[in-house]
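Scroll down for the structure; my scribbles are underneath it.
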Amino acid sequence: MLDKFEREINYLRVSITDRCNLHCTYCRPKEGISLQGHDDILRYEEIIRIVSVAVNMGLIKVRVTGGEPLVRKGFIDFISSLKNIKGLRDISLTTNGILLEEFAQSIFDAGIHRINISLDSLNEEKYAKVTGGGDLQAVLRGIKKAEEIGFAPIKINTVVINGFSDDEILDFAKIAFEKPFQVRFIELMPFGQAHTFHTENYLPIDQVMKKIMSRYKLEKVEEKKTKADGPAKIFKIRGGAGEVGFISPLSGHFCATCNRLRLTADGKLRSCLLRDDEFDLKKMLRQNCSDADLKKFIREVISLKPKGHDIICGPEHLRKCQRDMSEIGG
Ligand code: SAM
């Protein structure tokens, strides 16, 4: 599936629910969230059909996300069905880790061995504050369980919030020094109803890197080896067990190599995370379209994939994306 800028589109991120057991201030704050009705959310069979058709067109990689994927009933059977799709080479999962201790073994047994866990603070009070009441210890137990079971790689994603978690950058880097994890630092993006004042809370990734380099020696990992890491720039910490990664959707965007489509929980197909255009796949499905119609539709969406997003850094950058990240899946 080549788009008009010669990018090979072979990766789909699927948000399976807009529900989440956390209320992160920059993503899905408690106030102002409106949830989709049960019928508005794609059924698992519908997602499986879309993925099967897309695999037929060249899709090889799916990441399951949300909301929080582990809160949706039937999730384990769903990933087993995904696993049965011939030609789908890589299935991974993004979770906040709150329910991971309970589900890690079933997830592993169902065939997902690559996992990303979102974690924005290592301080219990701050974690509860940024997540609207989340329990840090539950996440840490989940990570430990995932490590014991043998998930690999385990990636910890942390959104750096200036004035809130910038003082924890070295603590996160220390995790990558001590454990064979990949700790990835992500720039805050301006989304939906986020309560954060983006211009104040945004920290460009080069400042994060500089801070880490004040304590650790970083050794660039060859890009060939990090192909599966997507847009993250990956470094080994000299003498350490793991790696750190830097993801800069705003300060150094990676649109030229973007290979992704996104399917929202309510069945909209998006070709760019940071643009608001989306196309109603659910409506088509529910009008009993054929697989050929689905393919044509997906091809059209790919043909409209923009060259890049238009969110720029600086005080004037406050065009916000309309949708909440929890509906798109990150
Ligand atoms: N609940 C799962 C989780 O926490 O990983 C999956 C969904 S969550 C929307 C996926 C990722 O998007 C999380 O790592 C979250 O931190 C990130 N995210 C949400 N809003 C964001 C924003 N405004 N800027 C940067 N990352 C954001």
Val51 vs. criteria of a type in the set (Val, Ile, Thr) and touching a residue at least 40 places away in the same chain (Cβ under 8 Å) | no
So which residues in the stretch 250-270 are open to solvent by less than 20 Å² (accessible area, probe 1.4 Å), assigned to a loop (DSSP other than H, G, I, E, B) and in contact with a strand residue (DSSP E or B) (Cβ under 6 Å, 6 or more places away or on another chain)?
-> Leu250, Thr264, Ala265
Could you list, in sequence order, all residues of the stretch 24-43 that are crowded, with 18+ Cβ neighbours inside 10 Å and at pLDDT 95 or above?
-> Ile41, Leu42
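Right, Asp18: modelled with pLDDT under 95, open to solvent by less than 20 Å² (accessible area, probe 1.4 Å) and more than 18 Å from the chain's Cα centre (by Cα) or not? Outline the logic, then answer.
Details: modelled with pLDDT under 95: yes; open to solvent by less than 20 Å² (accessible area, probe 1.4 Å): yes; more than 18 Å from the chain's Cα centre (by Cα): no.
Taking the combined requirement at face value, the residue does not satisfy it.
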Of everything in the stretch 147-180 that's more than 14 Å from the chain's Cα centre (by Cα), within 15 Å of the ligand (Cβ to nearest atom) and among the hydrophobic types (A, V, I, L, M, F, W, C), which residue is most open to solvent (accessible area, probe 1.4 Å)?
-> Phe164
Residue in the stretch 205-236 that is modelled with the highest pLDDT, counting only those that are within 16 Å of the ligand (Cβ to nearest atom) and open to solvent by less than 30 Å² (accessible area, probe 1.4 Å) | Val208
Scan the stretch 152-176 and report the pairs whose first residue is assigned to a strand (DSSP E or B) and whose second residue is open to solvent by 10 Å² or more (accessible area, probe 1.4 Å) and at pLDDT below 95, with Cβ atoms within less than 6 Å and a gap of 6+ or a chain change.
-> Val160/Leu203
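How about the stretch 285-321: which of its residues are of a type in the set (A, V, I, L, M) and modelled with pLDDT under 95?
Going through the stretch 285-321, the residues of a type in the set (A, V, I, L, M) turn out to be 285, 292, 294, 298, 301-302, 304, 311-312, 318.
Hits for the stretch 285-321 are Leu304, Ile311, Ile312, Leu318.
Rundown of residues vs (1) under 26 Å from Glu8 (Cα atoms); (2) within 13 Å of the ligand (Cβ to nearest atom), yes/no style:
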site	(1), (2)
Pro69	no, yes
Lys73	no, no
Ile76	no, no
Ser92	yes, yes
Ile107	no, no
Arg114	yes, no
Glu125	no, no
Ala128	no, no
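Okay, residues lined up against (1) within 15 Å of the ligand (Cβ to nearest atom); (2) among the polar types (S, T, N, Q); (3) free of Cβ contacts under 8 Å to residues at least 24 places away in the same chain:
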residue	(1), (2), (3)
Leu35	yes, no, yes
Tyr44	no, no, no
Ile85	no, no, no
Ile98	yes, no, no
Any residue in the stretch 21-33 that's within 15 Å of Ser121 (Cα to Cα): show its pairings with residues that are among the aliphatic types (A, V, I, L, M) and away from the ligand (no atom under 11 Å from the Cβ) at Cβ separation under 9 Å, as long as the two are six or more apart or on different chains.
-> His23/Ile33
Do you know which of the residues in the stretch 62-84 that are more than 21 Å from Gly150 (Cβ to Cβ) and open to solvent by 20 Å² or more (accessible area, probe 1.4 Å) is farthest from the chain's Cα centre (by Cα)?
-> Asn84
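The values are calculated or read from the model by the stated rules, or taken from the named source; none is laboratory data. Since we're looking at a predicted model, the values are computed, not measured. Please note: Cβ atoms are built from the backbone with ideal geometry, for glycine as well, and neighbour counts cover all protein chains shown. Heavy atoms of the whole protein, side chains included, go into the accessibility calculation; ligands, DNA and RNA do not. Shrake-Rupley method; radii C 1.70, N 1.55, O 1.52, S 1.80 Å.
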